[in-house]
1. If you split all Cα-Cα distances of region C:288-371 into 5 Å bins from zero, what percentages do you get per bin, shortest first?
2. Can you figure out the FRET efficiency of A:ILE81 with C:ALA368, using R₀ = 41 Å and their beta-carbon distance, to the nearest 0.05?
3. Does a label point 7 Å from the Cα of B:LYS394, set along Cα-to-beta-carbon, have any residues of region B:306-324 with amide nitrogen under 16 Å, and which are they?
4. Taking a virtual spin label 7 Å from the Cα of A:VAL155 along the C-beta vector, which residues in region A:47-85 bring their backbone nitrogen under 16 Å of it?
5. In nm, what is the difference between 0.36 nm times the number of residues separating C:GLU225 and C:ALA181 and their Cα-Cα distance?
6. Within region C:37-60, name every residue whose backbone N is under 18 Å away from a label modeled 7 Å from Cα of C:GLU11 along the Cβ vector.
7. Taking the Cβ-Cβ separation of D:SER28 and B:ALA401 as r and a Förster radius of 51 Å, what is the calculated FRET efficiency to the nearest 0.05?
8. So which aspartates and glutamates can C:LYS164 reach, going by Cα to Cα under 19 Å and dropping same-chain residues fewer than 8 places off?
Amino acid sequence: MLASQILIDGFAISALYGLGAVGFTLIFGVSGVLNLAHGGVMLVAALIGWFVASEYGTGPFLGAALGILAGLGMAYLTYFIVVRPIQRSRVIPAAEQEIFILTGTLLWGIMIQVGMDYLFTDNPVTMRPMFPGVVNLLGVRTPRNELMIAVICWVVIGLLWLLVNRTRAGKQLAAASINPRGLTLLGFELSNIYLLVWSIYGVLAGLAGVLLASFLGVSSGNAGQLTASAFSIVVLGGLGSVSGSLVAAYVVGYLETVTAYLIAPTLRPIPALLLLVLVMYVRPQGLFGRR
Amino acid sequence: MSHPISVRGALLCATRLSAAVGLAAAVGLTAAQAAEPIKIGVISEEAAVAGASIRHAAEMAADEINAKGGVNGSKIEIVAYDDHSSAADAVRAFQRAVNQDHVKAVIVSYISEVVLAVEPWAARLHMPTITPGAASNDISKRVHDDYAQYKYMFHGWLTSAFIAQSICDGAHDNLVGKLHMKTAVVMSEDAAWTTPLDVRYLQCLPQAGLQVLDHIRFNPDTTDFTPIFNQIEAKKPDVIITGISHVGVQPTVQWHDQQVPIPMAGQSSQATTSTFWKDTNGATEGVITASAASPGVALSPTTIPFTEAYTKKFGASPSYDGYTSYDEVHYIADAIQRAGSTDADKLVDALEKTDYVGTVGRVQFYAKTDEFTHAMKYGKGFVTGVEIQWQNGKQVCIWPADKCEAKLIFPSFVKLPQQTAAQ
Amino acid sequence: MLSNTPILEVEHLNKRFGGLIAVKDISFNIRGGEILGLIGPNGSGKSTVMKLVMGIEKPNAGSVRLHGKELAGWPTHRIAREGIGIVFQHSRPLHRQTVLENIKLALLPDSLLRLVADHSVDGTARAIAERVGLGDVLNRRPSTLPFAGLRRLELAKAVARDPKVVLVDEPFAGLTGPEVAMFSDLIDGFRKDGRAVLLVDHNVKSVAALVDRVLAMYLGEHIAEGTADEVMRDETVRRVYLGGKIETHARPELSARQGEPALDVRGINVFYGKAQALDQVSIHVHEGEFVSVVGLNGAGKTTLFNAVSGLVPFDGDIHWGGASLRGRTPASIARGGIVQCPESRELFGDMSVRENLDLGGQHLPSAAARATQLKWLLELFPILAERHAQPARTLSGGEQQMLAIARALMMQPKLLILDEPTLGLAPVILEQLSKALTRLRETTPITVLLGEQNVTFALPHADRVYVLEHARIVWEGDPARFAAEMGTGYL
Amino acid sequence: MKRLIQGPGLWIALLIVVVGASGPWWLSAYILGVLTSAYYFAVFAMSWDLLFGFAGEVNFGPTFLIGLGAYGAAILNSTMGYPIPICLVFGVAVALVGGLLLAVPALRLRGPYFGLITLVSVLLLRNAIVIFAGVTGGEIGMTVPDVLSIDANVNYWYALAFMVVCAIILFGLSRSAVGLILQASGQDAIEAAALGFNVTKHKLAAFCVSAAFSGLAGGMLVFYLGTASVDTVIDLSIAVQIIIAAVLGGRRTILGPALGAIVLLLADEALRPLGQLNTFVVSGVALAVILFFPDGLLGYLLHGKEE
């Protein structure tokens, strides 16, 4: 009973973590950008989705759709207002670009959070479940919504896999992550590829946001937490490795769930953090990272 | 009211401006006007519903008093500060209020952490200070332990101990009396105000007839409550007694979505606001919480008029600390009147003699000899608080019996003892 | 003042990076007041040797002894303290400090407690500045110095440590004629001080005037040692740099062709920061022509090609098919028919051979076109057909080079730029590569611009030859005449 | 050093300090209050700059060190009731240990990885404090019995003096021989080593100094506010504020970050009428600054002078 509870809850939450992290790691892989405004992007999608759904009574699905759209928009803004200017800046020495992008997106993330805070207050909001009701699974009373969310996550991740491995655009992404210069020499415009990867990122982060809103609920205060957890998962899995982050998402997700069930809900996040520190010490490139 | 959020946004921003203007105006006037306005500082978090309530209510009270000609010929002026619910910001705001804006009294926050950080400054700067919503016992305990230092601090809302007591009393009448419940699990967030709350729960719930099977404290930044509810359910209690304020929407919604078959009662501060129904998409149906007062329940002649006026003005009924903050402005003014001066020590003496019937009932403060010095008196004839239950979109008063007499209704997934007995 | 006992003794030095053997059993020693030139083309391992001596890399085996004291495996800072100094090729001075402060830095003790440098330091620093010719810019910020000035600063820092052994990495890269002379004097000064000097450079020629002895390396191995002349005459060395006997099959009719050339580079200059990499370089290529640009590493070939491909900013103008390339992105230039197959190959290591080729073909209009192109290429490079499922990074160097060329050809370029295709390849591979090029030249109308330092590889395929030396074109003409006019003293 | 004394800089600085010290006679009591905390923030920012700007370590969690110092001091004071100075020393000691803990991975990991470690360290510290609520007061935060002074002016002078002393030490350090070496190590470890400097040793030292000053300032802040709470000295938002201040003022200048911190807090207060939006505006400005003047305010001025 307890075991199956842990199994099910862990699975759903991990799937959500995974979805949130995949986009994050994809961007790093292809364009070497660590987007510390990640939580902000998810937040916008979640809040817009919730707002549309509950204030205009459009129902969760249309709300979710618009939320994802908002996430996409926010991803573009992040790219065009913060990331690209820094990448193209003449005044910023190339050696310091990385740290400037980190600081820039960090600030941008705060602006998003405070802005949302102002518009929607920092009360947690929850979207009406897309699939109400509960089903009995392995003897555990599980919300239908929770299951469907796990399913959606995996369907989307599957689609992503197809995109990367079965389409020409996907090949270009993969190539860009291995050797951008080589790709330029073959006549592909990196700027287009970056735009593509930010679009994919926007959709993934947006979806993760609205799903979170309808599963656990979010408040503008969560932005930092969301970024931190995505960042940790991605580093744990190995920066730039999609499969790595998925595995890491499940490691973290189950570690947290097990802690919450078997030790104490209050200690929930700690073992994951300790594990992260440990991995940093013994294997800095992460579980699946290439040096 | 098609989209209150945007409206609320507009209101916030509008009032914010007016506050700014008011400030400017005040600075300008002081020189000219003969009778300076009496300034009262209000420190709270704008972005939080409970925080906004405090200021809105205080301003309403001030307007009423000024409409009647003010106090000793001078107007009451509310100076508002946003503390983002951060102790540091609150302390800074407090110093600003005292040193720069020369307020005569301060109404501060509904969060115990913040109030506890401000309290020593109230003592150091000799500023009559009162909290409309924080509950931690330590606030009044400090006053008791070091009266000379801390006498400037007043506790304008029930201490955790009394909140717990009132909940126990309510539970005894309703849950045990009517629904024949025997067991409970206490579930509260890890925060300043719940520490004494839980202590009292563990004493008074058994006395009220509910055996406490388990006692769970969780981190206020918890977002996933599934494990907690599952743990509780495994214990098979008849009821969950809550002590939550920082969190509210998430546990409630997840309780509903997971169809946890155990009713929730106790203190869920966010559930005391009328917007909570919408915030939870109605998931709060059947949730019971203690509150300062309840729409449509005449704890005193002023309760209903205030609630209506407030709702009319701000589009939502006041949060529990809205009631208290409204009263506080009134009895501070009253105290100044009696003291005939705004001198801190005189004001404190006057406040100690407060006997004022406000929206939450008859307000008096315990004396320095009592363990809860300067805390609100609890009990019949004073302030008891009420218990409300969310029933299809409305907050319905279910306790105390002498004020209201509504039936308890729970959503279908909740299993009540006698039903289980019947099966 | 040449002492007889060696100061630095290096024996049987070995270094592996994963599978690759970068340095294989290298031994040499340097006496006080002696300058040893360590030469070899890119990837020959010479720089690695230098890093091993300095302790920046740890040797897998072998010993490095200073005055008989074993230093191999020590941390860099201790080796430096023992008396080995290094002059890096790229200088990164402290930008907020003045030139004088930068020199002082090198004079400071490695102590946490000495907050204020003692007074002698100031004097010493000024003296050193005078010596390297920075005397009159003491209080300027490095960012305001010319390139040569920055190199001087690097020298100054090395001198300041008063090392017994000085390692100098590519002393003359990016310097103009007079500057080269000036630097030669400075380095000669080291000799006069009785220091042991190791000069690391691409080729004998640039250091010949300065060195007492030369050690030549290729693919990590010691191939020749002796005086500059001996090494220049050494057969192996000549094969590495020039290859064996030169033969040519020029097609003058193509070069003689009148009218607008397909590619027309008109007097371009390129600067890297303050270093000038190209100086008024003009070349042109006619349609169908095979043109070789020969020159030693560091002469500027790669820079020239990158300018054409739009990868580095330049002034002057480059025309392609009559239109200027200015302001076009590298990618659009590539799509426009100028495809570069770079020195560094830039393969997608984790992708299969097939995937690499497919990416090259993505611009082709139809699936049919891609298929035929692929088929043709696999005939041209049969080995790739066998390896098609293998990740590119698992291929041998030669196979990788062929893949790089094939990938470029997948784009059906009008002009194919081949930069150093022979880099670090064993002679037998060169054969195959050479055959492939010949076939390409005979069976297709393709235009090729080939950059090489290996003349015997470059010339047979060339209709016309340019010689690039120190950022300038110094010779142009028929490959047949090259041997006569340039062959000797090319090294 | 000599150049400094001859240059006008010293006199300008001296003038500023004098003007600052006279604050209580012409500044409103409230502005004094803001400046008081601003001065402590200035020290946070300066010690962050020593680590980031000079040693080149990407530290996203300055509040880890600050928090250790603050809570170390606060706990000793509230449990043992030792006098403030002893508590401060103890706080510094705790912070030093923390600094060494951070230094170990810093010497092994590349930029973003170490950056993450610092983030995580803050989260862990936060959790630890919540878990050991018994001693730390947990979410509640703890009130210390002693404060530096209840007189706003005295507090102001304490803070000013403290900041000035720290500024002199840190600035002097940055301009000293050791500072040069540190800067070299941060910029290019290999070249520094090739010049014979033990990079590890110097970076460790930098961590210790930075930790000591962060911790001390943290402790002082606690005894000024009279309370130590997670959201005052540990919360990531504080860390971010410090980073913004340093970037705003100009990294690698020590004094710049101090300037930035003061400007930032004053701006924050000036914009209070905007309610929550003040943070929005401030971070917006900071973002603009790093986009257009990556060298920050002071850095920009100095840089202008160079050309």
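The numbers here are math on the coordinates, done by the rules we state, and not lab data. Bear in mind that the values here come from a model prediction, so they are computed numbers and not experimental data. All Cβ positions, glycine included, derive from the backbone under ideal geometry; neighbour counts span all protein chains shown.
1. Computed distribution, short to long bins: 3, 11, 18, 20, 19, 16, 9, 3, 1.
2. So, using R0 = 41 Å, E works out to roughly 0.40.
3. B:308, B:317
4. A:60-66, A:68
5. Length difference between fully extended and current span is 13.4 nm.
6. Answer for region C:37-60: C:53, C:59-60.
7. E between D:SER28 and B:ALA401, to the nearest 0.05, is 0.40.
8. Result set, ordered by chain and number: C:GLU9, C:GLU11, C:GLU34, C:GLU70, C:GLU82, C:ASP110, C:GLU154, C:ASP185, C:ASP188, C:ASP193, C:ASP212, D:GLU191.
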